[in-house]
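Notes follow once the structure below has been shown.
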Amino acid sequence: MEVNFGHLQHLSIRIDFGMVVRKPSGSVRFLQPISDQQKLPGLVSAFQQPLRLSNRCRTVSVETSCYRENISGLTLETEKSHPFDKDLLLKNKSQEVQPHLNGQCIYLVGMMGSGKTTIGKILAKELGYTFSDSDTLVEQEVGGTSVADIFKLHGEVFFRDKETEVLRKLSLMHGFVISTGGGIVVRPINWKYMRNGISIWLDVPLEALAKRIAAVGTDSRPLLHHESGNAYTKAFRRLSVLLEERGDAYANANAKVCLGSLADKLGLSDVCNLTPADIAVEALVQIQNFLEQENDYATT
């Protein structure tokens, strides 16, 4: 957007409020060099009128002034999201969404290694919810036996039965963020229970998933034990098969965070450069969008 700085002007700027911290004032930077004579202090202030938060991208009035008149040829650009305080952004978005959840549980679904536990703990903290992990609850039901050992000793069907029973109990609760096991989506009865809350799919590219799992090892991943090859190849091969089997089931979630698209939106070349805060904010944005579509969101 080209701007001639001189007398007080009013401008119209498109700002993505899903990705910036809503503050009454901010800063901009000049993209073209200016001479020493032009390097005078300037002031840019944005005055935002009360707006419905249902539209993430909207027009606000921005008032600009400069201490020197007739400075022209300067380009005004709004910054990307990353220079802003991510913790404040996360806090603000949580405060927007939390009152409209009405205590509904949030179920995080996705492939093993997709970050459900990490993101779940962040969301629980910011929303004032309690975090729970369905795998951990299953382990407690079986006397503290690990998931890997449950598969070895009792088989996958036994594990899935316990998993469904744990989910049934959780569906009666309020104010929980629940990290679910990667295969919980394959049983239709589990979706019946998760429909009592809001489900969100963390969709991570297979290459990134395989890298994560290879880095920490596959010992705790019982469905990867029978693959041959190095850790990355073993993980990638098996994950590809699992995603083929479960992809349609994951798509039943009420909302979706696609890390590939999120990285593109933030100007990042690799999803591995996304921070947990980036992903948590996007999860809240998608939950907000779902609530709006369901007409559960306030119109103020």
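The values are calculated or read from the model by the stated rules, or taken from the named source; none is laboratory data. Quantities reported herein were computed from a predicted structural model and do not represent experimental measurements. Here the Cβ positions follow ideal geometry from the backbone for every residue, glycine too, while neighbour counts run over all protein chains shown. Just so you know, the surface numbers come from the protein's heavy atoms only, side chains and all, with ligands and any DNA or RNA stripped out. Shrake-Rupley method; radii C 1.70, N 1.55, O 1.52, S 1.80 Å.
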Among Thr136, Leu206, Met111, the residue whose Cα sits farthest towards the positive end of the charge dipole of the stretch 101-291 (+1 at Cβ of Lys and Arg, -1 at Cβ of Asp and Glu, taken about the Cα centre) is Thr136
On alpha carbon coordinates alone, what is the Rg over Rh value for the stretch 101-291, Rh being the Kirkwood radius?
0.95
Simple label model, 7 Å out from Cα along Cβ direction - Thr275 to Leu172, nm:
4.1 nm
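So, with +1 on the Cβ of K and R and -1 on the Cβ of D and E, and no other charges, what is the size of the charge dipole of the stretch 101-291 about its Cα centre, to the nearest 20 debye?
Charge dipole, the stretch 101-291, about its Cα centre: 200 debye, nearest 20.
What's the FRET efficiency of Gln293 with Gln98 using the Cβ-Cβ distance as r and R₀ = 22 Å, to the nearest 0.05?
0.75
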Lysines whose Cα lies under 21 Å from that of Lys192, excluding same-chain neighbours fewer than 8 positions away
Lys116, Lys162, Lys169, Lys256
Dipole of the stretch 101-291, positive direction: furthest Cα of His154, Gly260, Ile189, with charges on the beta-carbon
Ile189
Quick check: at a probe of 1.4 Å, how many percent of the accessible area of the stretch 101-291 sits on carbon and sulfur atoms?
50 percent
With the other protein chains left in place, how much accessible area per residue, in square angstrom, belongs to the stretch 101-291 at a 1.4 angstrom probe?
43 Å²
